[in-house]
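Have a look at the structure below, then the notes.
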Amino acid sequence: CCYKYGTYSLLGKGCSQNYQEAFRYFEQGCNLNHPESCLHQGLLMVRKNNNTGITTDVLQGMKLLEKACLAKNANACYYLSGMYISGVRKSNTKIKENEKISNDSYEISKNMTKAFQFAEEGCRLRHIYSCANLSQMYNRGDGVEKNLELAEKYRNCA
């Protein structure tokens, strides 16, 4: 019920759209170990430049996404993998064209090993984009030893 009402509040379905209300209900659902609630609460927290009234906290949001992934939510695994593939830049970082981005510009640094682990779990849970990422990682040797046979296997899964 917490998840359902949170989703209705998030979308404004049958009630006024209210991000803070949605967040509170997702939080209640997550505290009751409902993976989809953790996913949505986490996504609301990692969102940058938003006008939802919810404070951005990437580290806490990622913990919630990890809780959801560990509880077998494939979307959470996919989002985490993507965040580690690209890294998460600090919101106040201004980068000029052709300027190299320094590591201290990132709130979460790129980490292909973690990206691989979350992509692998997402693929195991049958998330096709996780399988596609896994295939590319094996193909390039990103976060894992290069293995063209496994790259092909996961490409076929995707």
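The values are calculated or read from the model by the stated rules, or taken from the named source; none is laboratory data. Predicted model only: the values in this text are computed from it and were never measured. When we count neighbours, we look across all protein chains shown, and the Cβ atoms used for this are built from the backbone with ideal geometry, even at glycine. Please note that ligands, DNA and RNA were not included when accessible areas were found on the heavy atoms of the full protein model with its side chains. Shrake-Rupley method; radii C 1.70, N 1.55, O 1.52, S 1.80 Å.
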TODO: Go through region 43-72 and count every residue that is free of Cβ contacts under 8 Å to residues at least 24 places away in the same chain and in contact with a Gly (Cβ under 6 Å, 6 or more places away or on another chain).
DONE: 2
TODO: Output the qualifying pairs, or none if there are none: Cβ atoms under 9 angstrom, residues six or more apart or on different chains, first residue in region 5-26 and more than 19 Å from D57 (Cα to Cα) and open to solvent by 70 Å² or more (accessible area, probe 1.4 Å), second residue among the acidic types (D, E) and assigned to a helix (DSSP H, G or I).
DONE: Y5/E21
TODO: Take R24 and decide whether it is at negative phi and over 13 Å from the mean Cα position of the chain (by Cα).
DONE: yes
TODO: Could you tell me which residue of region 108-127 is farthest from L59 (Cα to Cα), considering only residues that are surrounded by fewer than 20 Cβ atoms within 10 Å (Cβ to Cβ) and among the aliphatic types (A, V, I, L, M)?
DONE: L125
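Can you confirm whether region 73-85 contains a residue that is surrounded by fewer than 16 Cβ atoms within 10 Å (Cβ to Cβ) and either assigned to a loop (DSSP other than H, G, I, E, B) or in contact (Cβ under 8 Å) with a residue 12 or more places away in the chain (or both)?
First, the residues of region 73-85 that are surrounded by fewer than 16 Cβ atoms within 10 Å (Cβ to Cβ): none.
There is no residue in region 73-85 that is surrounded by fewer than 16 Cβ atoms within 10 Å (Cβ to Cβ) and either assigned to a loop (DSSP other than H, G, I, E, B) or in contact (Cβ under 8 Å) with a residue 12 or more places away in the chain (or both).
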TODO: Determine whether E36 is of a type in the set (D, E, K, R), surrounded by fewer than 22 Cβ atoms within 10 Å (Cβ to Cβ) and over 18 Å from the mean Cα position of the chain (by Cα).
DONE: no
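Restricting to region 46-64, what's the tally of residues that are farther than 13 Å from L80 by Cβ and either part of a helix (DSSP H, G or I) or at pLDDT 95 or above (or both)? Spell out how you get there, then give the answer.
Step one: filter region 46-64 for residues farther than 13 Å from L80 by Cβ, giving 47-57, 60.
Cutting the leftovers down to either part of a helix (DSSP H, G or I) or at pLDDT 95 or above (or both) gives us 60.
Of the residues in that region, 1 qualify.
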